[in-house]
Amino acid sequence: MLKLEVRRWSERPRVFLLMLAVMLPAAALIVFGVYYLRSIQRDKAIEAAIKIDHQQVLAIAEKRIDEHAYEVAEAASAKFPSVDNFGEIDSFLTTHPNIAHAFLWTGKGMLKFRSQPSQMKDPQSCTESTKLSSDMGGWWDIEGKDYIAKLQKMEAMEGRRVYFTDHWITRGEKMMYQSLVMFVPRGSTPEHPALAGFIYDTDYLKNDFFPQALNAVLPDQNQRDTSHPQTAIMVRTEKSESPLAASTYWDGGMSEVERPFEDVFPGLILGIKLRGTTIADISDRLMRTSFLILGALSLLMGAGMFLTYRNVTRELALAKLKSDFVSNVSHELRTPLALIRLYAETLELGRLTNPGKRQEYYEIIRKESERLTSLINNILDFSRIESGKKEYSFRETDVADLVRSTLESYRFEIEQNGFQFEQKIDCNLPALLVDREAIARSLLNLVNNAVKYSATEKYLGVNLYRHNGGVNLEVVDHGIGIPTKEQLKIFEKFYRVGDPLVHNTKGSGLGLSLVRHIVQAHGGEVAVESQPGQGSKFIITLPVQSSEVQRTKGMSA
Ligand code: ADP
């Protein structure tokens with residue numbers, strides 16, 4: 001017993017080590033995963049990455065809008081009347097309705113100014129026009145030459161012919177943004193330099209130029225694609241939070257990332273956001289999904305480890321059972337063989353004169369060879385079952401007769417061993433289709449066990465009766481009993497209860513697994529009712545089945 005315990009303990013560290021080898025990397029992976037996700041969450045890394053992405057979109061958007069603005073303005077400046085033909089300005093304005101005012105400055109005090117004729121009916125526009133023309137005279141007298149030099153330098157270095165700047169006007173309470181474009185007109189010479197320009201009205205920028213430009217710069221938007229949130233951009237003035245113009249999918253609210261225009265539209269700011277969601281929402285969702293995936297993976301790993309642990313311990317237990325089996329069986333084979341040899345040799349010497357003694361020796365030799373036969377039969381049956389070659393031959397049988405005759409040959413021996421033997425067999429039982437030899441072997445296995453595992457209370461009862469349309473065969477003893485948690489395991493191959501009383505008794509751990517196999521092949525079941533110290537009752541239930549069913553089972557068994 002001590003030896004067994006020591007062995008069991010020596011296997012534990014092996015399993016433990018094996019589990020540790022799997023568990024440590026898995027646990028490290030999970031801990032690292034959680035730590036990594038937490039650091040992403042803490043540093044708001046996802047938000048930062050999306051914002052950087054948005055900044056890039058805005059930078060590209062600004063560049064494209066600038067290009068477009070230059071194209072439109074340079075096309076208009078090319079059509080602008082030359083210095084000598086300012087009289088054609090009205091027709092220029094009519095063909096460019098998006099331009100609110102145009103001017104030509106040819107030197108100190110020489111400003112020609114004209115506003116869009118159609119707007120002059122509006123008194124407010126008229127006042128604006130008058131004020132602007134008087135302001136402009138002053139501006140260009142001071143800065144006109146500087147701008148001409150700047151424009152010439154720009155054209156030489158960048159190939160740009162126009163220069164944009166912001167121009168604010170007040171309408172009522174509001175400051176309105178306008179875009180002032182300057183260029184050197186045709187006919188300007190180094191001796192007589194001239195500066196020309198025009199102003200794009202707020203309404204044009206707001207309703208025409210920016211909506212078109214903003215929609216053009218966004219990557220292809222597919223409204224049906226719901227897997228990615230759509231990006232929307234807008235432009236606002238630095239003096240107001242609300243958009244001056246926005247792309248189609250702008251759904252209100254504040255921008256998440258902004259970028260001021262640096263070149264063409266100073267004073268305007270580009271803003272970007274996601275339609276229907278926020279960067280924080282996306283980051284939260286991503287984090288939640290990542291944690292969920294990590295959680296699910298951890299659970300799977302845990303479950304995998306649990307299954308591995310269970311399998312490994314089972315395999316180790318089976319390996320242990322097998323090695324116990326080998327030593328038990330060799331012991332079981334050696335003892336009867338030694339006895340047979342001893343008594344046969346004694347008889348052979350012919351020194352025994354007492355006939356009673358001689359008879360006793362013959363009996364011992366017979367009993368020991370019977371024990372050997374039954375053990376070998378069990379092992380052979382087991383190996384046939386394991387290799388799937390076990391076949392049963394079912395025949396219509398009077399089970400009462402089978403049980404009676406099987407027990408008869410043992411009755412004397414059982415009673416001689418000091419057992420009180422009771423046998424209750426009902427008459428009028430239906431004939432069953434059974435394999436006689438297999439059923440007899442099952443019964444003998446149960447009877448043998450009852451005898452083996454009855455230490456002090458020596459009682460054996462065998463009952464055969466009708467039950468629920470079938471037949472029950474019970475083997476009852478008042479022996480050592482079986483603990484409840486062991487009652488299912490005892491039907492497994494090689495399994496023996498780890499009780500010292502059991503280990504002092506010879507056995508292979510095969511008997512009950514054979515009984516269960518045989519009974520199940522007959523379409524029946526075997527059960528046990530037992531309490532430690534109070535004895536056990538094994539019940540074989542055999543159904544009355546059609547011969548067809550039995551035959552099929554027999555073949556497949
Ligand atoms: P064994 O050769 O060890 O008897 P079995 O398969 O017949 O193998 O039985 C398996 C185990 O079930 C036994 O080792 C024993 O622990 C327990 N067992 C079987 N029958 C009895 C019984 N009648 N009383 C107590 N324990 C039993």
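None of the figures in this text is laboratory data; all of them are computed from the coordinates on show. Everything numeric here is computed off the predicted structure, so don't read it as measured data. Cβ coordinates were reconstructed from backbone atoms using ideal geometry, including for glycine residues, and neighbour counts include every protein chain displayed.
Distance between Cα centroids, the stretch 72-103 to the stretch 113-142: provide it in whole Å. That distance is 15 Å.
Model label points for residue 84 and residue 395, set 7 angstrom from Cα along the Cα-to-Cβ axis, are 13.7 nm apart. Put a plus charge on the Cβ of each Lys and Arg, a minus charge on the Cβ of each Asp and Glu, and nothing anywhere else: the dipole of the stretch 29-143 about its Cα centre is then about 460 debye.
Full extension of the segment from residue 358 to residue 384, taken as 0.36 nm per residue of separation minus the current Cα-Cα distance, would add 5.5 nm. Near residue 240, once Lys and Arg are set to +1 and Asp and Glu to -1 for all other residues with Cβ below 15 Å from its Cβ, the sum equals 0. Among residues other than residue 504 with Cβ under 12 Å from its Cβ, the summed charge is +2 (Lys and Arg +1, Asp and Glu -1).
Compactness ratio for the stretch 311-399: Cα radius of gyration over 2.2 N^0.38 Å (N = residue count) comes to 1.59. Each 10 Å bin from zero up to the one holding the largest Cα-Cα distance in the stretch 105-198 carries the following percent of pairs: 14, 44, 30, 11, 1.
The length gained on full extension between residue 369 and residue 19, counted as 0.36 nm times the residue separation minus their Cα-Cα distance, comes to 121.2 nm. Taking a Cβ cut-off of under 10 Å around residue 283, the surrounding Lys, Arg, Asp and Glu residues balance to a net charge of 0, with basic ones at +1 and acidic ones at -1. The chain gives an Rg/Rh value of 1.52, both radii derived from C-alpha positions and Rh following Kirkwood. Say the cut-off is 18 Å between C-alpha atoms; which of 51/239; 452/506; 174/206 go over it? Check vs 18 Å cut-off fails for 51/239. For the stretch 187-201, 3J(HN,Hα) computed residue by residue from phi via the Karplus equation (6.51, -1.76, 1.60; θ = phi - 60°) reads x, 6, 10, x, 6, 10, x, 9, 10, 10, x, 8, 10, 7, 6 Hz, glycine and proline entered as x. Only the Cβ atoms of Lys and Arg (+1) and of Asp and Glu (-1) were treated as charged; on that basis the dipole of the chain about its Cα centre amounts to roughly 2680 debye.
Under 5 Å from the amide H of residue 390 lie the amide H atoms of 385, each residue being 5 or more positions distant or on a separate chain, with H modelled from the backbone and absent for Pro and chain starts.
The calculated 222 nm mean residue ellipticity attributable to helices in the chain amounts to -18500 deg cm²/dmol, summing -39500 (n - 2.57) over DSSP H runs of n ≥ 4 and dividing by all residues. When DSSP assigns beta bridges and you keep just the ones with both residues in the chain, what percent turn out antiparallel, to the nearest 5? Close to 90 percent. Placing dummy labels 7 Å off each Cα toward the beta-carbon, the span from residue 282 to residue 186 is 4.9 nm.
Relative to the current alpha-carbon distance between residue 256 and residue 294, full extension at 0.36 nm per residue lengthens the span by 10.7 nm.
Residues whose amide H lies under 5 Å from that of residue 168, counting only those 5 or more places away or on a different chain, are 178; hydrogens are built 1.01 Å from N in the peptide plane. Rounded to whole Å, the principal axis extents of the Cα atoms in the stretch 302-351 read 72, 7, 6, largest first. Using R0 = 45 Å, the C-beta based FRET efficiency linking residue 527 and residue 347 works out to 0.50.
Diffusion coefficient (Stokes-Einstein, Kirkwood radius over C-alpha pairs, 4 °C, 1.567 mPa s) for the stretch 28-138: 69 µm²/s, rounded to a whole number.
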